[in-house]
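Have a look at the structure below before the remarks.
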Amino acid sequence: MELLIKNLEKKYSNGVQALDNVSLEIGKGMFGLLGPNGAGKSTLMRTLATLQDVDKGTITLGAIDLLNDKDALRQVLGYLPQEFGVYPRTSAEELLNHLALLKGIASKTDRKYIVDQLLIKVNLWEQRKKAVSNFSGGMRQRFGIAQSLIGNPKLVIVDEPTAGLDPGERNRFYNILSEIGENIIVILSTHIVQDVRELCNNMAIMDKGKVLFSGSTDDALLAVKGKIWAQKVEKAEISDYNEKYQVLSSKLVAGRPLIHIYSDTNPQNNFTIAEENLEDVFFAKLKELV
């Protein structure tokens, strides 16, 4: 089953072009949607989740016409938004049971089996009697994954899932997403490059409503291979380097800025060739260098 997105257009009443001729082909597995805040990622995610309409374009999931048959899509959709509310004092077990009932699982026995299996899957079995409102950020996100898997969805949409998670919780979340992405389509929308590199074989980069790149993560890295150069500099020198070179990023290493620049040829001046990463691709695409 493939998700085919063709020529999507969405312009808000304030004049912002949130989606500008967006077309993507997404197959089974983890697909990363990468872009800065305001790139149009959340607009696309809400559209795929049947929460808003677009001005033009088509979306199909197999035989389902998403824009014209939203109820059919909702039967096979799992959605974890950036933020989701929970009922105060309601336990994880009770809330999942309620959500399963809303999903149309009428049998109490079936619901109990499904809820138990999901709680085990996301490692929340020991906390099943606790109120979700009292969960840590990572536990809430794992609960969010559990609720998104009710009803064996064919498409799961995850919007900015790891923001604010500590490294341990992030790794647990990665493992769960990686497991469920083996058999269905999982779209991970994020501005965190590491999330995409860790989890996804295929990806797209968006900015200002446009798709700047779509393909495998390996192809993305190939686009900048041999063109990324690095050097440690002094903080006071950064502005000078920004004027002279195409600086992609600057991060502190042992208290000194390490800059990555884009150059087709050796820039000399003590730069050394660097191993390319998705962050380099991301900034190079945003600067329209590749």
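Just a few scattered comments:
- Pair list, Cβ under 8 Å, 6 or more apart: the stretch 181-196 residue of a type in the set (Asp, Glu), other residue part of a strand (DSSP E or B) and modelled with pLDDT of 90 or more: GLU182/GLY29; ASP195/GLY32; ASP195/LEU188
- The number of residues in the stretch 227-247 being closer than 30 Å to ILE26 by Cα and either open to solvent by 30 Å² or more (accessible area, probe 1.4 Å) or not in a strand (DSSP E or B) (or both) comes to 1.
Listed here are the residues, each with its yes/no results for (1) outside any strand (DSSP E or B); (2) out of contact with any helix residue (DSSP H, G or I) (no Cβ under 6 Å at 6 or more places or on another chain).
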site	(1), (2)
MET203	no, no
LEU212	no, no
GLY215	no, yes
LYS225	yes, yes
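- Residue match in the stretch 147-165 (condition: part of a helix (DSSP H, G or I) and modelled with pLDDT under 85): no
- Condition met for ASN183 (open to solvent by 30 Å² or more (accessible area, probe 1.4 Å), modelled with pLDDT under 90 and on the phi > 0 side of the Ramachandran plot): no
- Looking only at residues in the stretch 248-290 that are charged (D, E, K, R), in contact with a Leu (Cβ under 7 Å, 6 or more places away or on another chain) and not in a strand (DSSP E or B), the one that is nearest to ASP207 (Cα to Cα) is LYS285.
- Picking from residues in the stretch 239-257 that are at pLDDT below 95 and among the aliphatic types (A, V, I, L, M), the one that is farthest from GLU288 (Cα to Cα) is ALA254.
- Each residue in the stretch 125-139 was checked for being within 13 Å of GLU94 (Cα to Cα) and of a type in the set (Gly, Ala, Ser), and 2 of them qualify.
- Residues that are open to solvent by 20 Å² or more (accessible area, probe 1.4 Å) and either farther than 21 Å from GLY226 by Cα or in contact with a strand residue (DSSP E or B) (Cβ under 7 Å, 6 or more places away or on another chain) (or both), drawn from the stretch 248-265: SER250, LYS251, LEU252, VAL253, ALA254, GLY255, ARG256, LEU258, HIS260, TYR262, SER263
- Residue that is nearest to LEU80 (Cα to Cα) [pool: residues in the stretch 129-142 that are crowded, with 18+ Cβ neighbours inside 10 Å and in contact with a strand residue (DSSP E or B) (Cβ under 9 Å, 6 or more places away or on another chain)]: GLN141
- Of residues in the stretch 189-225 being of a type in the set (A, V, I, L, M) and more than 19 Å from ASP159 (Cα to Cα), the one most open to solvent (accessible area, probe 1.4 Å): LEU222
- Candidate set: the stretch 10-29, residues that are over 21 Å from ILE180 (Cα atoms) and basic (Lys, Arg); chosen: the one surrounded by the fewest Cβ atoms within 10 Å (Cβ to Cβ): LYS11
- Residue in the stretch 30-37 that is open to solvent by less than 20 Å² (accessible area, probe 1.4 Å) and free of Cβ contacts under 8 Å to residues at least 24 places away in the same chain present: no
The values are calculated or read from the model by the stated rules, or taken from the named source; none is laboratory data. Here the structure is a predicted model, which is why all the values come from computation and not from measurement. With ideal geometry, Cβ positions are generated from the backbone for all residues, glycine too; neighbour counts draw on all protein chains shown. Surface areas here come from the heavy atoms of the whole protein model, side chains and all, with no ligands, DNA or RNA. Shrake-Rupley method; radii C 1.70, N 1.55, O 1.52, S 1.80 Å.
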